[in-house]
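Participant: This is the structure I have questions about; it appears just below.
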Amino acid sequence: AAVRIAAAANEAEAGQLILQPKTDLASARVSCGELRKTKWFGLRTAAVIPSSSVEVFRVGYVPVVRVKDVVGCADDWPDTLLPQDAKPTRFTPAGLKANEHAPYWIRVKVPKGTPPGVYKGSLTVSAERENGAATVTQVPIEVEVYGFSMPDRMTMRTAFGMGTHYIDKYHRLKTREDKKKVYGYYFESLAAHHVSPYNHTPGVTW
């Protein structure tokens, strides 16, 4: 009936919307408007989660052709979460194929001070067929906000191993400037998810 997500204030949680088009699509995009909590039989807005608090990512699949352990198998594995405006790749092409699943990751970060309750809105799926015909579909989304807030600083500290040599290899980083830039993106993501790495100053001995 709806994509349902539950979280506390100052917490981020996600759900998935999976599209399965009946025909090939040249493009598809999922967006979300503001989420409203209403009272008095829905006649008055009591509180709002703004649309800026909702992020939508396209789930990409990585083809695994060589199995390296007993739990793996040769197949397409869901792995990447890319912004929808990212450049299309062979893992996440611009279009969607008929009768194939296309997952979208819907992440909601509930702002501080958001009153508890159920907030409702719509996900808008805007698609374009191969012949140029456009179609728009609405999907309900509901976010239940609990009656407490998560602190900015976690009481349980983490020690996440972020091997910069793997980052260098994966992104093919060579120069000090490129490494500092890309490491910064990783640190921003870790901070947004309250994760602390072992080393906060990689490369200081360069």
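Participant: Please list the non-local residues whose amide H lies under 5 Å from the amide H of ALA8, H modeled 1.01 Å from N, same-chain partners needing a gap of 5 or more.
Facilitator: Under 5 Å from the amide H of ALA8 lie the amide H atoms of TYR146, each far enough along the sequence or on another chain.
Participant: Tell me the label only: which of [x] 1.02; [y] 1.25; [z] 1.54 is Rg/Rh (Cα atoms, Kirkwood Rh) as calculated from this structure?
Facilitator: Here Rg/Rh (Cα atoms, Kirkwood Rh) agrees with entry [x].
Participant: Here's another thing I want to ask about it. Return the single residue from LEU82, LEU35, LEU190 with maximal mean-square fluctuation; model: Gaussian network over the chain, springs between Cα atoms under 10 Å.
Facilitator: The residue that fluctuates most here is LEU190.
Participant: Still on this model: Can you give me the distance in nm between label points at ALA47 and PHE187, each placed 7 Å from the Cα along the Cα-to-Cβ direction?
Facilitator: Each label point lies 7 Å from its Cα, and together they span 3.4 nm.
Participant: Given a 1.4 angstrom probe, I'd like the percentage of the accessible area of segment 1-83 that is carbon and sulfur, rounded to a whole number. Mind dumping the intermediate values first?
Facilitator: Working: 2760 of 5250 Å².
Accessible surface attributable to carbon and sulfur in segment 1-83 totals 53 percent.
Participant: Treating the beta-carbon of each Lys and Arg as +1 and of each Asp and Glu as -1, no other charges, what is the dipole magnitude of the chain about its Cα centre, to the nearest 20 debye?
Facilitator: Numbers: 27 positive and 20 negative charges, 81 e Å.
It comes to approximately 380 debye.
Participant: Still on this model: With the contact rule set at Cα under 8 Å and sequence spacing of 6 or more, what percent relative contact order holds for the chain? Kindly include the intermediate steps, with their values, before the conclusion.
Facilitator: Values: 389 pairs, mean separation 59.3, N = 206.
Dividing the mean separation by the residue count of the chain yields 29 percent.
Participant: Can you tell me how much longer the chain between ALA86 and GLU142 gets when fully stretched, taken as 0.36 nm per residue apart minus their C-alpha distance, in nm with one decimal?
Facilitator: Details: separation 56, 0.36 × 56 = 20.16 nm, distance 2.67 nm.
Answer, rounded to one decimal: 17.5 nm.
Participant: Still on this structure: Across 5 Å bins from the origin, how do the percents of Cα pairs in segment 17-103 run, short distances first?
Facilitator: Cα pair-distance distribution for segment 17-103, in percent: 3, 12, 16, 16, 14, 11, 10, 8, 5, 2, 2, 1.
Participant: Count neighbours as other Cβ atoms within 10 Å of each site's Cβ, and list the GluC sites (Glu not before Pro) in segment 109-206 that are DSSP loop with at most 14 such neighbours.
Facilitator: On the way: sites: GLU128, GLU130, GLU142, GLU144, GLU177, GLU188; in loops: GLU130.
Qualifying residues, ordered by number: GLU130.
Participant: Per residue, how much accessible area does segment 120-173 show when a 1.4 Å probe rolls over the protein heavy atoms, in square angstrom?
Facilitator: Numbers: 3970 Å² over 54 residues.
Accessible area per residue: 74 Å².
Participant: Rule-of-thumb check for segment 93-183: C-alpha Rg over 2.2 N^0.38 Å? Mind dumping the intermediate values first?
Facilitator: Values: Rg = 20.9 Å, N = 91, 2.2 N^0.38 = 12.2 Å.
Cα Rg divided by the expected 2.2 N^0.38 Å: 1.71.
Participant: Moving on to the next point. Skip the ligands, DNA and RNA, and give the accessible area per residue of segment 1-115 with a 1.4 Å probe, whole Å².
Facilitator: Values: 7210 Å² over 115 residues.
Accessible area per residue, segment 1-115: 63 Å².
Participant: Tell me which trypsin sites (Lys or Arg not before Pro) from segment 35-136 have a DSSP coil assignment and no more than 12 other beta carbons within 10 Å of their own.
Facilitator: ARG66, LYS68, ARG90, LYS112
Participant: Moving to a separate point now. Could you compute the FRET efficiency for HIS171 and SER31, with r as their C-beta to C-beta distance and R0 at 35 Å, rounded to 0.05?
Facilitator: The pair HIS171/SER31 has a calculated efficiency of 0.75.
Participant: Put ILE106, ILE18 in order of accessible area, largest first, 1.4 Å probe: what do you get?
Facilitator: Values: ILE106 0, ILE18 95 Å².
Correct descending sequence by accessible area is ILE18, ILE106.
Participant: Does segment 84-146 come out rounded, prolate or oblate, given a ≥ b ≥ c as the square roots of the eigenvalues of its C-alpha gyration tensor, rounded meaning a/c under 1.5 and, failing that, prolate meaning a/b above b/c? Walk me through the numbers on the way to the answer.
Facilitator: Details: a/c = 3.03, a/b = 2.01, b/c = 1.50.
Note, shape of segment 84-146 comes out prolate.
Participant: Let me ask something else. Once the dipole of the chain is set up with Lys and Arg at +1 and Asp and Glu at -1 on Cβ about the Cα centre, which of PRO50, VAL118, PRO88 lies farthest towards its positive end?
Facilitator: Farthest towards the positive end: PRO50.
Participant: Follow-up question, since we're still on this one. If r is the Cβ-Cβ distance from SER196 to ASP75 and R0 is 30 Å, what FRET efficiency results, to the nearest 0.05? Walk me through the intermediate numbers first.
Facilitator: Values: r = 34 Å, r/R0 = 1.13.
Between SER196 and ASP75 the formula returns 0.30.
Participant: While we're on this one: How about LYS120: which aspartates and glutamates have a C-alpha closer than 12 Å to its C-alpha, ignoring those fewer than 8 places off in the same chain?
Facilitator: GLU34, GLU142, GLU144
Participant: Translational diffusion coefficient, Stokes-Einstein: compute it for segment 146-192 using the Kirkwood radius over C-alpha pairs as Rh, at 20 °C and 1.002 mPa s, and state it as an integer in µm² s⁻¹. List each step's numbers first, then the result.
Facilitator: Numbers: Rh = 12.9 Å.
Answer from the Stokes-Einstein relation: 166 µm²/s.
The values are calculated or read from the model by the stated rules, or taken from the named source; none is laboratory data. This is a predicted model, so every value here is computed, not measured. All Cβ positions, even for glycine, are placed from backbone atoms using ideal geometry, and neighbour counts span all protein chains on display. When the accessible area is computed, the model is the full protein with side chains, heavy atoms only, and any ligands, DNA or RNA have been set aside. Shrake-Rupley method; radii C 1.70, N 1.55, O 1.52, S 1.80 Å.
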